[in-house]
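The values are calculated or read from the model by the stated rules, or taken from the named source; none is laboratory data. Owing to the predicted nature of the structure, the values given are computational and were not obtained by experimental measurement. All Cβ positions, even for glycine, are placed from backbone atoms using ideal geometry, and neighbour counts span all protein chains on display.
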Amino acid sequence: MDSRYSEKISFNQYDSYDNVLEQQKAGDMKQSYIWDYKSSLPIAEATNASVTDIAATSFESDGTGGFSYIGVPVATSLSLTGTKMLRFNK
């Protein structure tokens with residue numbers, strides 16, 4: 001680096017598959033991403049939030065989408081959308 005170097009964008013965080021989880025233009029807001037379907041597709045993008053502050057899932061794919069939960073999504077005909085749901089105890 002020398003005096004001609006000027007940071008334009010920084011990639012703050014990656015997952016184990018080298019997918020960008022969080023990036024930020026110099027002096028701008030963060031952009032964060034959630035990847036799913038075996039980490040092959042981005043399923044959510046959030047602006048002005050770090051990746052640790054966001055979560056999204058449909059329970060149809062293989063990941064947790066940033067949520068922490070115990071249990072396994074089950075196939076059912078009762079789900080409002082999709083074919084799987086996660087049961088919660090009251």
Checked against (1) loosely packed, with under 14 Cβ neighbours inside 10 Å; (2) under 19 Å from Asn19 (Cα atoms); (3) modelled with pLDDT of 75 or more; (4) of a type outside the set (S, T, N, Q), Val74 satisfies every condition except (2)
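Kindly establish whether Gly82 is part of a loop (DSSP other than H, G, I, E, B) and either without any contact (Cβ under 8 Å) to a residue 12 or more places away in the chain or in contact with a helix residue (DSSP H, G or I) (Cβ under 8 Å, 6 or more places away or on another chain) (or both). First the steps, then the outcome.
Numbers: part of a loop (DSSP other than H, G, I, E, B): yes; either without any contact (Cβ under 8 Å) to a residue 12 or more places away in the chain or in contact with a helix residue (DSSP H, G or I) (Cβ under 8 Å, 6 or more places away or on another chain) (or both): no.
For Gly82, the condition - part of a loop (DSSP other than H, G, I, E, B) and either without any contact (Cβ under 8 Å) to a residue 12 or more places away in the chain or in contact with a helix residue (DSSP H, G or I) (Cβ under 8 Å, 6 or more places away or on another chain) (or both) - is not met.
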Note on segment 1-46: residues hydroxyl-bearing (Ser, Thr, Tyr) and either surrounded by fewer than 10 Cβ atoms within 10 Å (Cβ to Cβ) or under 12 Å from the mean Cα position of the chain (by Cα) (or both) are Ser3, Tyr5, Ser6, Tyr14, Ser16, Tyr17, Ser32, Tyr33, Tyr37, Ser39, Ser40
Residue set Glu45, Glu60, Glu22, Glu7; condition charged (D, E, K, R), in a loop (DSSP other than H, G, I, E, B) and touching a strand residue (DSSP E or B) at 6+ places or on another chain (Cβ under 9 Å); output residue Glu60
With respect to Val51, determine if the residue is exposed (fewer than 14 other Cβ atoms within 10 Å of the Cβ) and aliphatic (A, V, I, L, M). no
